[in-house]
Amino acid sequence: MMMRACVLLALVATSEAFQSPPQLRHQPKSSSTSTTTSLDAKLVSKVKNLLTGSSSDFDRLVKKKFPGAISNTKLTKRVVAALKSKGFTPENTLVATSLCADELARVLEDNFVQIYGQNFNLGGLSGFPFAGNTGFGAMSAHVPDDGFCLTIHGPHVGITKDGVIGKVERSGIALVDSCCGSGIAAS
């Protein structure tokens, strides 16, 4: 097995990374059709905004606090275009991630998996890979022959609707919690 290159994409800050992912499961049940339709419309709108990188008041807040922040969609497109010019394709590239276990990090991971296929998860909290030498050896055995590995790692940073950095409001949870809690606990 020969691996031609490994690209490391580290510490990516995007406006979508600061929001809870849309709640696609566990929808509240209602006997009222109009309530269900209203909830469905809100969910569809939220998913559409996430997928299209649509601007909102929250996006503007994130960009004010983190100048240069871009959506996951824009980031993914830019990375794919840059790597394509280097010969990276879905057929010859393995995505390996070490993002925090927090559900907020799944959106970015999922975007790259949709393009390159399966993900080799190196584990980790705060974006530090826990796989060690053995895990990296196992990961390298999954890289296509004469192919590439796109390694994505990094922590996530929360921001509330009010602009408090380091905190996050999660769907269905009243507690405004630290984000990244693992990174804060380790410091």
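The values are calculated or read from the model by the stated rules, or taken from the named source; none is laboratory data. All of these numbers come straight from a predicted model, not from anything done at the bench. Here the Cβ positions follow ideal geometry from the backbone for every residue, glycine too, while neighbour counts run over all protein chains shown.
The table below lists the values:
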read-out: Members of the stretch 46-92 that are assigned to a loop (DSSP other than H, G, I, E, B), of a type in the set (A, V, I, L, M, F, W, C) and modelled with pLDDT of 90 or more; value: PHE88
read-out: Candidate set: the stretch 134-178, residues that are modelled with pLDDT of 90 or more and among the polar types (S, T, N, Q); chosen: the one surrounded by the most Cβ atoms within 10 Å (Cβ to Cβ); value: THR151
read-out: Pairs with Cβ under 9 Å, 6+ apart, first in the stretch 85-106 and touching a residue at least 40 places away in the same chain (Cβ under 8 Å) and of a type in the set (Phe, Trp, Tyr), second assigned to a strand (DSSP E or B) and buried (at least 19 other Cβ atoms within 10 Å of the Cβ); value: PHE88/GLY147; PHE88/PHE148; PHE88/LEU150
